[in-house]
Amino acid sequence: MVSCTFDGQTLEVDPGTTILTAARMTGVEIPTFCYHERLSLSASCRMCLVEVEGRNKLEPACATVIAPDMVIHSQSARVVSTRQDMLEMLLANHPLDCPVCDKGGECELQDTVFDYGKGSSRLRDDKRVFRKDDIELNAVIVFNANRCIQCQRCVRVCEEVVGDVALGTAERGLDSEITGVGNSLKDCSHCGNCIEVCPVGALMSVPYRYKARPWDLVKTETICGMCGTGCSMSVEFSEGRFKRVKSDPETGLNGELLCAKGRFGFDAIDGGKRIEQPMIRKNGVLKPVSWGEAIECIASTARDIKTRKTRIQGSISARQTTETGFVFQQLMRQVFGTQDIRSSTRFGGLDTPDAVTALAQVMTGGMQRKPLQSLLEADCIFLLGSNITDENPVSGYLLRSAMSDPNKRLIISSSRPCGLDPLAAATLRLLPGEEAGLLSDLIREDPQISDSAAGAFTHKARSILTEAQDIALLIGTEFLRSSKAEACLRWIEQLVDHFGAQGKAVRLQFLFDRPNQLGLWDIGCLAGAAPGWQAIHTTPPDPDAHVDLHYVLGADPMSQDTQTSSSFLVFHGSHYNHTAKLADVVLPAASYGEEAGHFTNHEGRVQALRSVRSPDQNLVPTREVFNQISQAMGQGALPVAADQVRNKITAEYTGFGQFDQPADHGGNDLAYNWPKTHSPLAPLDHLPQPPPATERRRFLVTGDSLFQSGQLAARSSVLSSLDDGPYVEMNPGSGSDRAFEGMMVTIFSAGGNFTAPLRINRSFDEQIVFIPERFLMEHGKRNLACVEYPRTVDVVLSGRRDPSKYG
Ligand code: SF4
Ligand code: SF4
Ligand code: SF4
Ligand code: FES
């Protein structure tokens, strides 16, 4: 420990502690501008100057490490007067337009001048005007050059955390100015983190601009509904209308970070076409009916089908709360008498009992319910089967920040390239499902390492994994869509056991692309596993067997091709989608943002989702609908009140952990009663290779893009405006990029065709083609993204762009 005297108080601090950190530990405020906990030091604003006895010059507290017996004064007359002078200089050219500035009321400069300023200025010259007008750098960021205090926080957050290097400084000295390339930020990720860290009103949000004053906003702390990272955010309304989303440095695993989907996608709550009343299809047309008639129709049909013992299926969106999911599976199991429940219709690889058993073993054994930050402390991080920077961007930012430690090694194997590839010691492009072969080769004693790219990766990855003491596995869910899901899950478990047996700490987390996938699985929204991952030993239905009653809650699993005329389809949800249009009974529901409950993020943290506005007063709450159906079928009451459901979950499934876990809960290892089998697997022969690509044959993978994640994001007009429309992303092979510019791509397959402009990405394997799922949904091409995954397709490149041919 190092001893020092701080403002007359004797302190013992760890070696390497800065004066600013010590001040904050003792509760003393030292004003700062350029300093930011998450960013590298800049020490450029000189706002934090303090006096150190024996040194002539004042020292920046943020960058000065405490030396033994140092005597520091942070409130001396010299320090106070210097702070006043610094603020006077900062205000020399800063426009005093607080009354019209978006930052007014929450501006660090305004607050610091109020707390430490002199109250008057000696400067009488006209203020210099850098730019007469604000510059819209892109669709979400507007820049006022006159207000910029050159702290460089925006530049550092963009480069060091987001990894985009979209902002920079032009010119020097007094002329220096923050800018994007060519005065625009066309290629940035639109995350808005630069706006969040800007201490003044220089960077502003286009959608929020001039919409409200901070003191008029009503704030609700809630959880982002876009992906499984589960970022905390504050949703702010004024006069009953949504205004903006902000993040809080002190809350959640994300602190002040959000991605574009989280920060700018919340307008989705006002998008899309709402389902306003119950409807029943009569003579081929959906007709409004009373709640009673709709519920009786479902109950009588379910009663009839249950008597005939034919197939009833339930599909629930992984955006439903844990409370609603729990009662949904009760409705399915106890009332409808079916175990046929899915909470992601895309995970076709989980359709067999063996795959569910393998999933349960990983989820209850290898999976670590710990803060992501603790996994990122590992010296080897293995990112498997995930485009983390598009699908879970904030998890990606945290991983990028962790990689600033030069002692860490990152290895990446995935079907799609991601923004972290350049930081990886080894990367491999692999088809979803081939992870099983790769993992087998990584742990077998006699690996068959070929000269191929896969062989080189295996060689490198084996040596990194062998050298590591701590291994963190971050695993995407794409392989669950493939027929090799079970093998992959078993080899994931083998890998954890293999390196664990060598005395290494091996920690594993899945990266979910939907916000409550883990929560719904934990409470039994899965065929073959009841709440608490308890095994259900019944013969599973043949996945291809006819479904007589399909109850869909919020999801969109249906397309024209999959719905047959004899099925009875119920759609229960907030907005019209393809399934609603095909349904026999349609029931309205509250949307994301209108219903409180809990989501479990990919750390296993059970977080409170709050309602930011009330749903339509005529709406019967979703769990009450389940209860009424149950009673109409003579099956007794189901729990409706959220706390009643939570009490039941915590009383009966002790493994579920606590609700409302704070950010620093320190992890929660959940104990389940799942029977574990640890039978070692025989190594796979070698890393499977896809069949050699013909000139045109490729494999289609689909998923989320940076601005899209399913139905919710698709309803955001801001996010939709950030996408340039449909595209097909691939490496077109030999030839210059110029030769391929502006070309169209048509995908031909048994599941349908799709045409869109080519987006060239040379980091793709030439055999893999990517289309964001949202565009396939919009154009009714859902079949291209399911049934067979990855889908074999023929690809034809043609002529110049022709928008009339999209879709
Ligand atoms: S929005 Fe995000 S990516 Fe774009 S400039 Fe700001 S920090 Fe960088
Ligand atoms: S725009 Fe804001 S964050 Fe960036 S340098 Fe200027 S004041 Fe700092
Ligand atoms: S990373 Fe996921 S949870 Fe976080 S803001 Fe982005 S979409 Fe939302
Ligand atoms: S905060 Fe220390 S120099 Fe800027």
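The values are calculated or read from the model by the stated rules, or taken from the named source; none is laboratory data. Remember, it's a predicted structure, so these values are computed and weren't measured experimentally. Using ideal geometry, Cβ is built from the backbone for each residue, glycine included, and neighbour counts are taken over all protein chains shown. SASA here: full protein model, heavy atoms, side chains in, ligands and nucleic acids out. Shrake-Rupley method; radii C 1.70, N 1.55, O 1.52, S 1.80 Å.
Here the label points at Thr169 and Arg124, each 7 Å from Cα along the C-beta direction, are separated by 3.2 nm in the simple model.
Treating r as the C-beta distance of Glu624 and Asn56 and R0 as 60 Å, the FRET efficiency rounds to 0.20.
Sorting the segments 99-105, 777-783, 704-710 by their residues' average number of neighbouring beta-carbon atoms within 10 angstrom, most packed first, yields 704-710, 777-783, 99-105.
For Ser315, the amide hydrogen comes within under 5 Å of the amide hydrogens of Arg342, Tyr551, Val552, Leu553, counting only partners 5 or more places away or on other chains and with H modelled in the peptide plane. Taking every protein chain into account, the 1.4 Å probe leaves Ile471 with about 0 Å² of accessible area, to the nearest ten. The orientation-averaged shadow of the Cα convex hull for the chain, equal to a quarter of the hull surface, comes to 37.4 nm². May I ask you to derive the relative contact order of the chain, considering only C-alpha pairs under 8 Å and at least 6 residues apart, and to give it as an integer percent? Relative contact order here is 13 percent. Surface composition of the chain: carbon plus sulfur atoms hold 49% of the accessible area, using a 1.4 angstrom probe and ignoring ligands, DNA and RNA. Solvent-accessible surface of the range 99-210, averaged per residue with a 1.4 angstrom probe and all protein chains in place: 49 square angstrom.
Karplus-based coupling profile of the range 261-267, in residue order and whole Hz: 5, x, 7, 10, x, 6, 4, with θ = phi - 60° in 6.51 cos²θ - 1.76 cosθ + 1.60 and x standing for Gly or Pro. Could you state the orientation-averaged shadow area of the convex hull built on the Cα atoms of the range 2-90, in nm² to one decimal? The directionally averaged projection comes out at 5.6 nm². A cut-off of 5 Å between modelled amide H atoms, ignoring neighbours fewer than 5 places along the same chain, links Leu185 with Asn138. For the peptides 629-638, 595-604, 58-67, residues were scored by their other Cβ atoms within 10 Å and the scores averaged per peptide; the highest-first order is 595-604, 58-67, 629-638.
Under 14 Å from a label point set 7 Å out along the Cα-to-Cβ vector of Trp215, the amide N atoms of the range 107-151 belong to 107, 111. Of Lys103/Lys243; Lys282/Lys781; Lys211/Lys246; Lys309/Lys484, which sit over 19 Å apart, Cα to Cα? Lys282/Lys781; Lys309/Lys484, as the Cα separations exceed 19 Å there. Using the beta-carbon distance between Ile760 and Val796 and R0 = 25 Å, what value does 1/(1 + (r/R0)^6) give for FRET efficiency, to the nearest 0.05? The calculated FRET efficiency here is 0.95.
Run the helix sum for the chain: -39,500 (n - 2.57) per DSSP H stretch of 4+ residues, divided by residue count, reported at 222 nm to the nearest 500 deg cm²/dmol. Please list the in-between numbers first.
Numbers: 23 runs with 193 residues, N = 807.
Roughly -6500 deg cm²/dmol at 222 nm, from the helical runs in the chain.
On a C-alpha basis, how far is the centre of the range 439-492 from the centre of the range 30-46 in Å? Whole number, if you could? Answer, in whole Å: 41.
Hey, what's the range 332-455 come to in accessible area per residue, 1.4 Å probe, Å²?
Numbers: 3540 Å² over 124 residues.
Heavy-atom SASA per residue in the range 332-455 reads 29 Å².
For the range 2-90, the solvent-accessible area of protein heavy atoms averages 47 Å² per residue (probe radius 1.4 Å; ligands and nucleic acids excluded).
From most to least packed by mean Cβ count within 10 Å, the peptides 579-591, 206-218, 189-201 give 189-201, 579-591, 206-218. Need the C-alpha centroid separation for the range 88-149 versus the range 714-770, integer Å. Distance between centres, Cα-based: 43 Å. Taking a straight Cα-Cα cut-off under 17 Å and skipping sequence neighbours fewer than 8 places away in the same chain, the lysines within cross-link reach of Lys408 are Lys460, Lys504.
Give the percent of DSSP beta bridges with both residues in the chain that are antiparallel, rounded to the nearest 5.
Percentage antiparallel, nearest 5: 55.
For the range 203-332, what is the Kirkwood hydrodynamic radius in Å, using each pair of distinct C-alpha atoms? Please list the in-between numbers first.
Numbers: mean 1/r = 0.0539 Å⁻¹.
After inverting the pairwise mean of 1/r, the radius is 18.6 Å.
Expressed as a whole percent, the proportion of Cα-Cα pairs in the range 146-244 lying more than 20 Å apart is 48%.
Apply the a/c threshold of 1.5 to the C-alpha gyration tensor of the range 697-805 and tell me whether it is rounded, prolate or oblate. Working shown, then result.
Working: a/c = 1.64, a/b = 1.24, b/c = 1.33.
Oblate, because a/c is 1.5 or more while a/b does not exceed b/c.
Put simply, the convex hull of the Cα atoms in the range 99-210 casts, on average, a shadow of 7.8 nm². Its relative contact order, with pairs defined as Cα atoms under 8 Å and 6+ residues apart, puts the range 248-314 at 14 percent.
Within the range 2-90, antiparallel bridges make up roughly 75 percent of the DSSP beta bridges whose residues both belong there. Less than 5 angstrom separates the built amide H of Leu511 from those of Ile475, Gly476, Thr477, all sequence-distant by 5 or more or on a different chain. Phi-derived couplings, Karplus 6.51 cos²θ - 1.76 cosθ + 1.60 at θ = phi - 60°, listed residue by residue for the range 635-641: 10, x, 7, 10, x, 10, 5 Hz, with x used for Gly and Pro.
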